[in-house]
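In what follows, a single structure is set out as structure tokens and then discussed.
The values are calculated or read from the model by the stated rules, or taken from the named source; none is laboratory data. Computed from a predicted structure; not experimentally measured. Backbone-built Cβ (ideal geometry, glycine too); neighbour counts: all protein chains shown.
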Amino acid sequence: MKPHVILNAAMTLDGKIATRTGSSEISGKEDLIRVHKLRKEMDAIMVGINTLLADDPRLTVHKIKADPEDNPVRIVVDSKARTPLNFRILNNDAPAIIAVTENADPEKIEALEKKATVLKCGKDRVDLKSLMDKLSKTGIKRLMLEGGSTLNYSMLENGLVDEVRVCVAPMIAGGSNAKTLVDGEGIDKMKDAVKLKLKKSYGLGEDLILEYDVIK
Ligand SMILES: NC(=O)c1ccc[n+]([C@@H]2O[C@H](COP(=O)([O-])OP(=O)(O)OC[C@H]3O[C@@H](n4cnc5c(N)ncnc54)[C@H](O)[C@@H]3O)[C@@H](O)[C@H]2O)c1
Ligand SMILES: Nc1nc(=O)c(N)c(NC[C@H](O)[C@H](O)[C@H](O)COP(=O)(O)O)[nH]1
């Protein structure tokens, strides 16, 4: 069992989701409203630890009118339990789940357990299939994946993403070290690429929104 997963991100025309220094203000204001409407429809929202450390995101619905119960459960994929205790994800605005591995420092886990639910999945890296199964058993049916590139790749590679929604902003960042929509190891042969079906495309402010189903 697994939740329905929507990968959502904003990228430049050249596919970057941040610059080489990690600067990542890409979405226009209309797109941010779209993202928050989507967050409001979700049971959970998930990011990788590097995104958390780079942006200290709230992962709540705060750019549109919303009640506290509209906030999704916030999830961090954090193998070594590195989530800083003073970060906004651990505040009282919404529940948080930190997915760690069995190798994570028990003292760090204990400290996190005072502020969040800690789930142990896998040994070296978080076992994403097992995490999705556990989340589904807690009643999470719709999950938004908000990056970054490395987690996006692992989720796609494991066949765990059902939809991809991207905002393409009219900007070009360049930089061979800048993060793209999907990094990770990558495939060898194009015939093995994850295949998508375009469902919807429209202009939003100055941006272009593309919505795809992942073909399984
Ligand atoms: N523009 C956007 O829409 C957007 C969205 C999110 C993030 N970002 C940017 O992306 C950058 C971070 O991306 P990133 O690729 O460095 O990191 P990430 O956020 O994808 O985190 C990856 C880390 O998660 C951990 N992890 C544990 N188990 C894993 C598994 N099974 N698979 C993959 N990772 C696992 C590892 O420590 C790994 O290094 C930041 O600069 C952030 O601002 C942009
Ligand atoms: N849709 C989108 N457009 C962007 O231009 C951008 N940089 C992100 N990045 C996603 C990432 O998860 C961010 O960390 C949160 O968007 C931080 O914001 P919040 O405090 O949660 O609102 N997402």
| Can you name the residue in region 110-125 that is among the basic types (Lys, Arg) and more than 18 Å from PRO72 (Cβ to Cβ) and is also surrounded by the fewest Cβ atoms within 10 Å (Cβ to Cβ) among such residues? | LYS114
| field | Sole exception among (1) within 12 Å of ligand 1 (Cβ to nearest atom); (2) part of a strand (DSSP E or B) for LEU32, by number | value | (2)
| note | LYS129 fails exactly one of (1) within 23 Å of VAL161 (Cα to Cα); (2) surrounded by 17 or more Cβ atoms within 10 Å (Cβ to Cβ), namely (2)
| query | Give me the pairs: first residue in region 35-60 and under 20 Å from LEU135 (Cα atoms) and in a helix (DSSP H, G or I), second residue more than 10 Å from ligand 1 (Cβ to nearest atom) and among the basic types (Lys, Arg), beta-carbon distance under 8 Å, and six or more apart or on different chains, which are they? | reply | LEU38/ARG165; GLU41/ARG142
| message | So for region 16-27 (the condition being touching a strand residue (DSSP E or B) at 6+ places or on another chain (Cβ under 6 Å), farther than 29 Å from LEU210 by Cβ and near ligand 1 (Cβ under 9 Å from one of its atoms)), does at least one residue qualify? | response | no
| request: Keeping to region 156-191, report how many residues are within 12 Å of ILE17 (Cα to Cα) and of a type in the set (A, V, I, L, M). | output: 9
| message | Looking at ASP55, ASP78 in this structure, which one is closer than 22 Å to VAL182 by Cα and near ligand 2 (Cβ under 10 Å from one of its atoms)? | response | ASP55
| Within region 1-11, how many residues are more than 10 Å from ligand 2 (Cβ to nearest atom) and either part of a loop (DSSP other than H, G, I, E, B) or under 15 Å from ASP207 (Cβ atoms) (or both)? | 3
| said: So for region 109-118 (the condition being more than 15 Å from the chain's Cα centre (by Cα), part of a loop (DSSP other than H, G, I, E, B) and without any contact (Cβ under 8 Å) to a residue 12 or more places away in the chain), does at least one residue qualify? | reply: yes
| Does region 71-81 contain any residue that is in a helix (DSSP H, G or I) and either at pLDDT below 95 or over 20 Å from LYS108 (Cβ atoms) (or both)? | no
| task | Spot the failing condition for LYS29; the list is (1) surrounded by 17 or more Cβ atoms within 10 Å (Cβ to Cβ); (2) within 12 Å of ligand 2 (Cβ to nearest atom); (3) in contact (Cβ under 8 Å) with a residue 40 or more places away in the chain, and only one is missed. | result | (1)
| query | Within region 128-155, restricting attention to residues that are within 22 Å of THR19 (Cβ to Cβ) and assigned to a loop (DSSP other than H, G, I, E, B), which residue is nearest to ligand 2 (Cβ to nearest atom)? | reply | GLU146
| note | Per the filter on region 168-216, residues within 14 Å of GLU157 (Cα to Cα), touching a residue at least 24 places away in the same chain (Cβ under 8 Å) and assigned to a loop (DSSP other than H, G, I, E, B) are LEU181, VAL182, ASP183, GLY184, GLU185, GLY186, VAL194, LYS216
| query | Pick from region 61-75 the residues that are under 13 Å from the mean Cα position of the chain (by Cα) and within 11 Å of ligand 2 (Cβ to nearest atom): which of them is nearest to THR19 (Cα to Cα)? | reply | ARG74
